[in-house]
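The values are calculated or read from the model by the stated rules, or taken from the named source; none is laboratory data. Predicted model, so just to flag it, every value in this text is computed and none were measured. In this analysis, Cβ positions are derived from the backbone assuming ideal geometry, glycine residues included, and neighbour counts consider all displayed protein chains.
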Amino acid sequence: MRELGPMNEGSDKDDLSYLMRLAQDGDRDAYARLLRQITPLLRGAIRRARPFLQPHDVDDLLQMILMAIHAVRATYDPGRPFLPWLMAIARNQIAEGGRRYARRAGREEPLPETFSEAGANIEADVNNGSYGDPEALKHAIATLPPAQQQAIDMLKMKEMTLKEAAAASGMSIAALKTATHRAMRALRKALLSEA
């Protein structure tokens, strides 16, 4: 095992570059020390680039960056400065994290939540204090087209995930979302007209 004593001429930049060279040569202790030293730098870069992120999102992005560094560590040229190489990877991963979030957000549409507990889905009428009728809801569901009934049953009554419901029904996730959205709109309209 190689000793990690004094580094080249003492600057942090030299220290990180030296640790990376040792890590590229297979020194696990040097690699662990390098990761410990760059983690606060990366965390700061993430916070500066994305100050709105929650701490758990910062941690997720940090892990993505560390995994990317691990995957491309052999590409580091010891003859070049370490920090620009590191920060280029960090910038790319931060940008990719933003694109990944945007793609995921663009595909998912939040659905109104329901609960399995008796009475949890009955809303009070604020004006007169009366409550919804579970029988009216059952009747309204029975009037929906079969695909919408199936979507409501799986996603709302049985609380299946979109992926599970898609596998069970043979419908695509997009079709399930559409059917659920239309069913919820139809149910609201039907139940409000009865009130």
Residue satisfying condition, being touching a residue at least 60 places away in the same chain (Cβ under 8 Å), part of a helix (DSSP H, G or I) and among the charged types (D, E, K, R), within set LYS177, LYS138: LYS177
Unmet requirement for GLN148, which otherwise passes all of (1) under 28 Å from ASP133 (Cβ atoms); (2) out of contact with any Lys or Arg (no Cβ under 8 Å at 6 or more places or on another chain); (3) in a helix (DSSP H, G or I): (2)
Hey, GLY79 on the phi > 0 side of the Ramachandran plot and in the same structural domain as TYR101 (by TED's automatic domain parsing) or not: no
Check on ARG99, closer than 30 Å to MET160 by Cα, in a helix (DSSP H, G or I) and modelled with pLDDT under 95: yes
So THR114, is it over 30 Å from MET64 (Cα atoms), surrounded by 10 or more Cβ atoms within 10 Å (Cβ to Cβ) and either in contact with a helix residue (DSSP H, G or I) (Cβ under 9 Å, 6 or more places away or on another chain) or modelled with pLDDT under 70 (or both): yes
Filter result (buried (at least 16 other Cβ atoms within 10 Å of the Cβ) and without any contact (Cβ under 8 Å) to a residue 24 or more places away in the chain) within the stretch 154-174: MET154, MET160, LEU162, ALA165, ALA166, SER169
Pairs with Cβ under 7 Å, 6+ apart, first in the stretch 79-97 and within 15 Å of ILE38 (Cα to Cα), second surrounded by 12 or more Cβ atoms within 10 Å (Cβ to Cβ) and of a type in the set (Lys, Arg): PRO81/LYS13; PHE82/LYS13; LEU83/LYS13
